[in-house]
Amino acid sequence: MRTSLTLIGITIGVMAVIMMFSTIHGIKNLISQSMEGMGWDNSLMIHPSSGGGNNRNRRHGFRSINREAKPLTRSDYMALKGLDNVKSIYGIIENWERNRKGSARDYTKLRATNISFFENKTFDLQRGRFFNAFEESNAAKVCIIGYYYAETNYKNKSPIGQNLVLGDKSFRIIGVLAEDSLNRGKGFNFNPWERKRDLEAVYIPLSTGAKYLRLNNAVEYIYVQADSDENFQKLKTSVTQHLLAKHNMAHDFGFQDVGSMMLKISTEMEGMMKKWSVTLMSIAGISLFVGGIGLFSTLLISINERMMEIGIRKSLGATERDVFGLFLFESLILSIIASIQGIVISMLILFIVSKSIDFSFAIPSQGILIGVGFSILIGIISGIYPAFKASRLDPIKAIYYLD
């Protein structure tokens, strides 16, 4: 019982180390996956700008576009689509159109884009299909409706194949987006309001929006995503060169450098995680230190209780090295048992937490190795002096110690 209670400190220390690595690793993966799922990593938002070196206009996002500037066009989108190092690219046109379905007279966001938008935002289909190549190229009057739009307007029947009238235009429904997979669980939510608005919208092909919603095939902005961190700056340079060539060297476009903003946020999060890891490592170190002191005390007490055993062993031929190795080996075994307990308990806690928040926390091998390594080191340090003291006992005095 005394030994078991002594090992609690080492067990808690190993638990702290493993859970520290697991939580930090899980949070990093969660942020990375969420950025990828929302299409924020290594990305540029290209929008019209008045040019002329006006930095203020270049900072404008797609919600603050200078309407007097020369617009981007679907031709620009098609030119950029063929660039190297592009993971995803899509154009966007947005209108608020009056919804004439049934008795409803509210307004619905009508968004023109292409299939890469849904892939980039990780929006899946609940039923139906996405736009095909013919529909995207020939301005077909088809649409895909969001999950929440379908829930509101088509509760008890399938909307596939029906005509949807928005404003003065009619579109045939070919697909329904599924519920948001990124924010479906009970755990962490990322940008749920914007993604909910996305799933309340109606989507048509980009060519259809450029033809029927805008003059001269204009688009509001173009989103481009690089295929890796290393190629992001190369892609940005290529985009600039191609647009300058198509716009007769006029700087009438600007960038919202989402990729750089996300990189800055990731760097800041990395710094926060390092500070948090130092804090947790300190807590784990204190627990392991306390456990080591307890193990040291237990081994010293056991020497007095095992005097006769030590005397008999040495009288039968056991050397000082044998006795030293015996006590040091026992110290190692106890510390390893404590580390195994810490691993098992931490896995159980992480499993329960993962189930409760619907997010999986992996257990990195690095955390296990460091936890076990620290516990073995504590076992060696704590056992050296008691083992040395036991090995130096006189066998005659040890046998008659209790007398």
Practice task
Give the residue from N248, I160, N138 lying farthest towards the positive end of the charge dipole for region 71-249; charges sit on Cβ (+1 for Lys and Arg, -1 for Asp and Glu) and the dipole is referred to the Cα centre.
Solution key: I160
Handout entry: Shape call, region 71-249: gyration tensor on alpha carbons, a/c limit 1.5
Key = oblate
Handout entry: Spin-label pair S297/Q233, simplified geometry with 7 Å Cα→Cβ offset, distance in nm
Key = 5.8
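Given the pairs K121/K211; K81/K234; K81/K196; K81/K169; K121/K234; K121/K246, which are separated by over 21 angstrom at their Cα positions? Working shown, then result.
Details: K121/K211 25 Å; K81/K234 15 Å; K81/K196 28 Å; K81/K169 28 Å; K121/K234 23 Å; K121/K246 29 Å.
Result: K121/K211; K81/K196; K81/K169; K121/K234; K121/K246 exceed 21 Å.
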Fill in the blank from the handout: FRET efficiency for I8 and I376 from the Cβ-Cβ distance with R0 = 25 Å, rounded to 0.05, comes out at 0.90
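Coordinate-derived values only; no laboratory data. On a predicted model such as this, the values are computed, not experimentally measured, just so you know. Every residue, glycine as well, gets a Cβ built from its backbone with ideal geometry; the counts of neighbours run over all protein chains shown.
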